[in-house]
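Just so it is clear, none of the values below were taken in a lab; they were calculated from the coordinates. Being a predicted model, the structure only gives us computed values, none of them experimental. In this analysis, Cβ positions are derived from the backbone assuming ideal geometry, glycine residues included, and neighbour counts consider all displayed protein chains.
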Amino acid sequence: MDVTPELVRHLAELSRLRLSEEEIERVIPELRSVLGYFERISDLDVDGLEEMVRPIFSANVLRPDVAAAGLTQEEALAMAPDKEDGFFKLPRVVEEGR
């Protein structure tokens, strides 16, 4: 796959990135290098190799999933720095009209 300025522009658009023409030109050799490594990896003969998830053995240590009593609404709200009408009150993070 050839890395062209058009391809970089397309990838930038899909990634919601705004790249200047200088950045596009700088990214082209970097992308070619990364794709070159993938090509080298795909050329490796892995027939007969045992599948491996991790290079070292590890196991998840999980507690049993047992239902337990939680906090009451009053207990939870007692820890809240700001509350209103029985709910946590937070600053607005979404602009209206979007």
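Per 0.36 nm of contour for each residue apart, how much would the distance between residue 13 and residue 51 grow if the chain were fully extended, relative to their Cα-Cα spacing?
Stretched fully, the residue 13-residue 51 segment lengthens by 10.1 nm.
Please build a GNM for the chain, connecting alpha carbons under 10 Å apart, and tell me which residue among 27, 66, 53 fluctuates the most.
66
Working from Cα positions, state the angle (0 to 90°, nearest 10) between the long axis of helix 5-14 and the longest principal axis of the chain.
The helix 5-14 is inclined about 10 degrees to the chain.
Counting only GluC sites (Glu not before Pro) that sit in a DSSP loop (anything but H, G, I, E, B) with at most 13 other Cβ atoms within 10 Å, what is the longest stretch of the chain containing none of them? The partial results should precede the final answer.
Numbers: sites that count: 50, 51, 95, 96.
Excluding the exposed sites themselves, the longest stretch runs over 1-49.
Going by how many other beta carbons lie within 10 Å of each one, how would you line up 28, 56, 41, fewest first?
Numbers: 28 16, 56 5, 41 9.
So the ranking, lowest neighbour count to highest, is 56, 41, 28.
Given labels modelled 7 Å from the Cα in the Cβ direction, how far is it in nm from residue 77 to residue 21?
6.1 nm
Taking only Cα atoms, what is the 0 to 90° angle, nearest 10, from helix 21-42's long axis to the longest principal axis of the chain?
Rounded to the nearest ten degrees, it is 80.
Which entry in (i) 43, 23, 21; (ii) 32, 27, 24; (iii) 61, 48, 18 matches Cα extents along the principal axes in Å derived from the coordinates of this structure?
Recomputing Cα extents along the principal axes in Å here gives the entry labelled (iii).
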